[in-house]
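First comes the structure, then the notes that go with it.
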Amino acid sequence: MFTAVIPVRKGSRRLKNKNIAPFANSNLLQYKIEQLKKVEKITKILVSSDSDEMLTMAQESGAKIHKRAEEYCDEKTQPFGAVVAHICESAIGEHIIWATCTSPLVEPYHYTEAINIYLNKLTEGYDSLMSVEEFKRYIWNEDRPLNYELGIKHIPSQELPPLYRVTDGILIAPRLKMIEWKYFHGIKPYKYVMDKRSSVDIDDIYDLECARAWLNIQ
């Protein structure tokens, strides 16, 4: 019923070989595959990549593979939405879990809980699920504050209305809808709130070191 898709590619602008960076006596890609194997409702794990090295790692770890053409990996030739649709067209299954290996602290129990919530929320009118981190911070654009007032009306940050950062750790939707939307969630996603630890998303060496430091902190 649920196919977990791990999208990885050779190029990484901010951290070289990010998707296979060493992590927990393994690397990020292999570690994520092992996490997903522990989720009962995930019936297939598909690694999509242009990297033969990563695809070989995936096969050795028991995942299925999808060799992606360079045009769907260079972030220039095809728009991002076309990449999402292309990968989902190459997958099998009713529902897709977009599971990035750069979110290594999303644990098996998170996926299990998110799947159960997703199935329930589909009956309530939601069309997908996305993981988010809730935060309350003073936010400005170039000209002015966006979520608070200056002067006498200033309020403590804990009284600000919550904002949500999409963590990209868990994104779930029907496979055919992902193809139709050319995106991994719809216009009415259920916000699955995760804590600061599980919300880490590795973009650079600082994020990677944070994830390594938090690995044994529950």
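Quick look at the values:
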read-out: Residue pairs meeting the criteria (Cβ under 8 Å; at least 6 apart or on separate chains; first of a type in the set (D, E, K, R), in segment 15-29; second open to solvent by less than 40 Å² (accessible area, probe 1.4 Å)); value: K18/S12; K18/L28; K18/T102; K18/I202; K18/L208
read-out: Scan of segment 39-66 for residues that are of a type in the set (D, E, K, R) and in contact with an Asp or Glu (Cβ under 9 Å, 6 or more places away or on another chain), ordered by number; value: D50
read-out: 1 or more residues among the small types (G, A, S) and either open to solvent by less than 30 Å² (accessible area, probe 1.4 Å) or farther than 22 Å from E180 by Cβ (or both): qualifying strands (runs of 3 or more DSSP E) within segment 1-102; value: 2-7, 42-49
read-out: Matching entry among A114, A173 (being more than 17 Å from R197 (Cβ to Cβ), among the small types (G, A, S) and touching a residue at least 24 places away in the same chain (Cβ under 8 Å)); value: A173
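The values are calculated or read from the model by the stated rules, or taken from the named source; none is laboratory data. All values reported here derive from a predicted model rather than from experimental measurement. FYI the Cβ positions are ideal-geometry reconstructions off the backbone, even for glycines, and counts take in every protein chain you see. In case anyone asks, the SASA skips ligands and DNA or RNA and just uses the protein heavy atoms, side chains included. Shrake-Rupley method; radii C 1.70, N 1.55, O 1.52, S 1.80 Å.
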